[in-house]
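Read through the structure below, which is laid out as structure tokens, and then see the notes.
The values are calculated or read from the model by the stated rules, or taken from the named source; none is laboratory data. Keep in mind it's a predicted model, so treat the numbers as computed, not measured. Using ideal geometry, Cβ is built from the backbone for each residue, glycine included, and neighbour counts are taken over all protein chains shown.
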Amino acid sequence: MLRARPKVLLGASDVTALHAAWLGAGVTAIHGPLVAGDLATGNYDVTSLLGVLAGDPTPLPACETLVEGQAEGRLLGGCLALLAALCGTPWSLRPEGEVILLVEDVNEPPFRLDRMLRQLRLAGALGGLRGVVIGEMKGCGPEAAVKDALLGALADLAIPVALGGIWFWFFTVQLRQRSLLPVNEPFLKEALAHE
């Protein structure tokens, strides 16, 4: 039914589970501001919203390179805790083709970030990725410990890894306004090659 009458799904964080259902139905979702909170208060980037809805998303700003390289592919991902929780379900992450994984989370200590990424690896969810972009890890611990956990779980995949230090739907970083990313759509990630 969803494929026959697709609807726009806009949201982030826990909405990752719904994004997975949309993806399973072959429908694009938008990882972006929450309608009841951010859109209601104007805490988003209007240009980015209109661009994504028109099929022209705003490019990602330069990120800190953890593992160098370039990647191009469809964006998949969301909240790391939800992606890990979906393992073993019909909606678990199964990157097929060229995929760039986007992950973000809040209040998860480094050992949990490491565990969740390794759970995804063991479930086969990280095989075949073209790159990883890590968004904001707010409240996840000291920056050095978070980087160590991320690199420990991802570095040997031999793919580019970038750390945004931003909420990855925040493209207008200086304004701290939420922008949007079309999930399951082609995307060129040149920032993975820059520091």
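Structure summary
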| item | result |
| --- | --- |
| Residue within region 53-72 that is touching a Leu at 6+ places or on another chain (Cβ under 6 Å), part of a helix (DSSP H, G or I) and modelled with pLDDT under 75 present | no |
| Positions within region 18-33 being outside any strand (DSSP E or B) and surrounded by 18 or more Cβ atoms within 10 Å (Cβ to Cβ), in sequence order | His19, Ala20, Trp22, Leu23, Val27, Thr28, Gly32, Pro33 |
| Members of region 106-134 found to be in contact with a Cys (Cβ under 9 Å, 6 or more places away or on another chain), surrounded by 22 or more Cβ atoms within 10 Å (Cβ to Cβ) and assigned to a strand (DSSP E or B), listed by number | Val133, Ile134 |
| Check on Ala191, at pLDDT below 50 and in contact with a Cys (Cβ under 8 Å, 6 or more places away or on another chain) | yes |
| Test: residue in region 141-164 that is surrounded by 17 or more Cβ atoms within 10 Å (Cβ to Cβ), acidic (Asp, Glu) and touching a strand residue (DSSP E or B) at 6+ places or on another chain (Cβ under 9 Å) | no |
| Some residue of region 40-48 being surrounded by 15 or more Cβ atoms within 10 Å (Cβ to Cβ) and either hydrophobic (A, V, I, L, M, F, W, C) or under 22 Å from Met116 (Cα atoms) (or both) | no |
